[in-house]
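Some notes on the structure that comes next.
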Amino acid sequence: MEKEILKIKEEILSQAKKIKDFKLLRDLETKYMGRKGEFTKVLRSLSALSAEDKKKIGRLANTVKQEIASAFIELKNTLDGSEKESDFVDVTLPGKKQERGHKHPISILTGDLEDIFTSMGFMVLDGPELESDFFNFEALNIPKTHPARDMHDTFYIDKPNKNNELDLVMRTHTSSVQIRAMREYGAPLKCVAAGRVFRNEALDACHEHTFDQMEGLKIGEDISISNLIAVMRELLKGIFKKDMEVRVRPGYFPFVEPGIELDIKCTICGGSGCPSCKNSGWLELLPAGMIHPNVLKYGGIDSEKYSGFAFGLGLTRLAMMKYGIDDIRLFNGSDMRFLSQF
Ligand code: FA5
């Protein structure tokens with residue numbers, strides 16, 4: 001048996017010397033060292049030997065096995081050429097389960113809102129997140145020195161625009177789409193535009209630095225605040241599938257006159273007060289108003305002939321209320337335990 005072991009070793013080592021690629025090396029390994037390989041068979045037959053022989057020949061077999069293993073490792077390391085070990089695909093291994101992606105809750109809600117608005121004849125528009133000072137502030141009746149700029153903690157960009165002017169900001173609200181839409185489509189106009197907005201905010205359970213809003217505009221002849229209230233009602237009913245408790249109060253925004261704020265009773269605490277609603281029982285959700293004539297003028301629309309309403313829905317806060325999420329920071333947190341629930 002000793003002779004047989006040494007003979008197999010010689011065979012393996014002499015064949016190994018001629019090997020030039022990984023496939024042949026694997027074939028050689030399988031032929032001798034695989035489960036049914038010739039060397040493996042010899043090792044198995046050791047069990048039939050006497051205790052003394054087992055000890056003696058077993059020691060030899062182990063030494064030879066190690067020599068062969070090191071020869072194979074050395075050969076693997078020196079083998080070069082087009083085929084690398086990592087190219088080998090073992091088709092007999094079980095496949096890797098691929099995780100299926102799904103929509104983020106904000107994308108789901110945006111889609112639902114767009115469905116509601118398209119069913120009411122609104123167009124769905126888009127606008128840039130990197131915006132000019134003009135569309136974000138100036139054309140919305142907020143000139144450079146206007147104190148209303150303090151209401152937005154703006155991220156100013158220190159790189160000049162195409163005209164070498166320092167006038168770029170990360171948009172602080174989706175209202176920046178208003179003038180773009182008016183200039184592109186004129187009046188009459190019915191559109192919504194959802195997307196991310198950015199503010200340098202102190203964060204808490206209901207304030208994020210990056211959150212979503214949906215802007216809505218309706219411009220035509222004889223548009224009044226009752227049209228606005230009707231659309232807001234339709235919107236909330238479409239999302240919550242029931243009448244929600246809301247309150248309306250006056251609100252100041254330089255681009256509307258008059259302006260209102262619609263708050264929703266906090267669905268997390270039911271109105272008793274909690275961190276999600278800053279302990280007030282109500283959550284600011286839907287500011288709106290009748291579009292200021294100056295803004296219509298900037299949009300190239302005849303303010304004598306046309307009027308309109310605009311609203312700026314806090315979409316991320318709406319998602320909190322709809323799904324019962326008590327901390328807004330979860331939406332941008334990338335925690336799969338949270339996200340995979342949607
Ligand atoms: C505006 O952004 C106005 N552009 C809305 C508007 C449009 C008024 C058209 C009139 C006509 P405001 O800053 O209040 O308004 O933000 C609108 C909504 O966004 C708020 O009601 C709130 O729901 C949400 N929101 C504001 N700041 C944050 C924040 N830091 N984190 C999360 N949501 C916020």
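The values are calculated or read from the model by the stated rules, or taken from the named source; none is laboratory data. On a predicted model such as this, the values are computed, not experimentally measured, just so you know. Note that each Cβ is placed from the backbone with ideal geometry, even for glycine, and that neighbours are counted across all protein chains shown. Only protein heavy atoms, including side chains, enter the accessible area calculation; ligands, DNA and RNA are left aside. Shrake-Rupley method; radii C 1.70, N 1.55, O 1.52, S 1.80 Å.
What the table shows:
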item	result
The chain: calculated mean residue ellipticity at 222 nm from DSSP helix runs of at least 4, using -39500 (n - 2.57)	-11500 deg cm²/dmol
Å² of accessible area per residue within the chain, as computed with a 1.4 Å probe and no ligands counted	56 Å²
Listed residue (73, 24, 46) projecting farthest to the positive dipole end of region 2-84, Cβ model	46
Size of charge dipole - region 236-278 - debye, nearest 20, with Cβ of Lys, Arg +1 and Asp, Glu -1, no other charges	220 debye
Added length on full extension, which subtracts the Cα-Cα distance from 0.36 nm per residue, residue 247 to residue 210	10.7 nm
Span-like helix ranges in the chain, DSSP H, alpha carbon extent 20 angstrom or more, Kyte mean at least -0.5	105-119, 225-240
Solitary cysteines of the chain, where the nearest other Cys Cβ is not under 4.7 Å	191, 206
Listed residues 170, 151 arranged by accessible area, highest first, probe 1.4 Å	151, 170
Debye log10 I(q)/I(0) at q = 0.10, 0.15 Å⁻¹ for the chain, Cα point scatterers	-0.66, -1.25
Chain lengthening between residue 326 and residue 342 when straightened (0.36 nm per residue, less Cα-Cα)	4.2 nm
Within region 2-84: Cβ-based charge dipole about Cα centre, in debye rounded to nearest 20 (Lys, Arg +1; Asp, Glu -1)	220 debye
Fully extended contour minus Cα-Cα distance, from residue 226 to residue 304, at 0.36 nm per residue	26.1 nm
Antiparallel %, DSSP beta bridges [both residues in the chain], to 5	95 percent
Accessible carbon and sulfur surface of the chain relative to its total accessible area, %, 1.4 Å	51 percent
Net charge dipole size for the chain [Lys, Arg +1 and Asp, Glu -1 on Cβ; Debye, nearest 20]	2060 debye
Probe 1.4 Å - accessible area at residue 59, Å² to nearest ten	150 Å²
Gaussian network model of the chain, springs between alpha carbon atoms under 10 Å - residue of 79, 109, 166 with greatest fluctuation	79
